[in-house]
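Below is one structure, written out as structure tokens, with a few remarks after it.
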Amino acid sequence: MQMSDIPFGTTDWDTVEKTEHKGETGAAFWRTRHFGSIRVRMVEYTPGYLADHWCSKGHILLCLEGELLTELEDGRTFLLKPGMSYQVADNAEPHRSSTRTGAKLFIVD
């Protein structure tokens with residue numbers, strides 16, 4: 001990830017428009033900012049959310065609230081709790097997320 005031509009700034013995430021993205025079950029609500037080619041999101045998953053696709057995009061993801069279960073296409077699973085993060089490269093390991101309880105995440109990709 002190359003970060004250039006981004007002046008110093010702050011983000012009040014409560015003022016960023018929320019968009020809804022339905023999962024196979026539940027929904028994800030994204031607040032998204034773009035800084036050049038970098039996308040930064042605050043994402044909230046409803047309880048019972050299950051992604052409707054396998055994702056191949058690289059991310060750096062930090063769990064802020066709740067619990068997030070990340071499943072890799074090869075069957076491995078990882079449970080993230082507040083303060084835990086994961087990172088994965090573009091096209092490295094397809095993954096999808098779910099949560100029983102709901103979760104709030106900070107994601108850079």
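The values are calculated or read from the model by the stated rules, or taken from the named source; none is laboratory data. Values in this document were obtained by computation on a predicted structure and should not be read as measured data. When we count neighbours, we look across all protein chains shown, and the Cβ atoms used for this are built from the backbone with ideal geometry, even at glycine. Side chains are part of the model used for accessible areas, which takes the heavy atoms of the whole protein and leaves out ligands, DNA and RNA. Shrake-Rupley method; radii C 1.70, N 1.55, O 1.52, S 1.80 Å.
Can you pull out the residues in the range 11-28 that are among the hydroxyl-bearing types (Ser, Thr, Tyr) and open to solvent by less than 50 Å² (accessible area, probe 1.4 Å)?
11
Name the pairs whose Cβ atoms lie under 6 Å apart, with the first residue in the range 27-43 and without any contact (Cβ under 8 Å) to a residue 24 or more places away in the chain and over 16 Å from residue 3 (Cα atoms), the second of a type in the set (Val, Ile, Thr) and assigned to a strand (DSSP E or B), and 6 or more positions between them or separate chains?
Here the result reads 28/43; 30/19; 30/43, each pair linking the range 27-43 to a residue that is of a type in the set (Val, Ile, Thr) and assigned to a strand (DSSP E or B).
Quick check on this structure: which one of 65, 71 is within 12 Å of residue 101 (Cα to Cα) and not in a loop (DSSP other than H, G, I, E, B)?
None of the other options fit; the residue is 65.
Considering only residues that are touching a Leu at 6+ places or on another chain (Cβ under 7 Å), closer than 20 Å to residue 39 by Cβ and assigned to a strand (DSSP E or B), which ones fall in the range 74-109?
80, 85, 86, 95, 97, 103, 104, 105, 106, 107
For the range 33-49, how many residues meet the condition of being open to solvent by 40 Å² or more (accessible area, probe 1.4 Å) and not in a loop (DSSP other than H, G, I, E, B)?
Residues in the range 33-49 being open to solvent by 40 Å² or more (accessible area, probe 1.4 Å) and not in a loop (DSSP other than H, G, I, E, B): 5 in total.
Can you spot a residue in the range 55-72 that is touching a helix residue (DSSP H, G or I) at 6+ places or on another chain (Cβ under 6 Å) and among the aliphatic types (A, V, I, L, M)?
no
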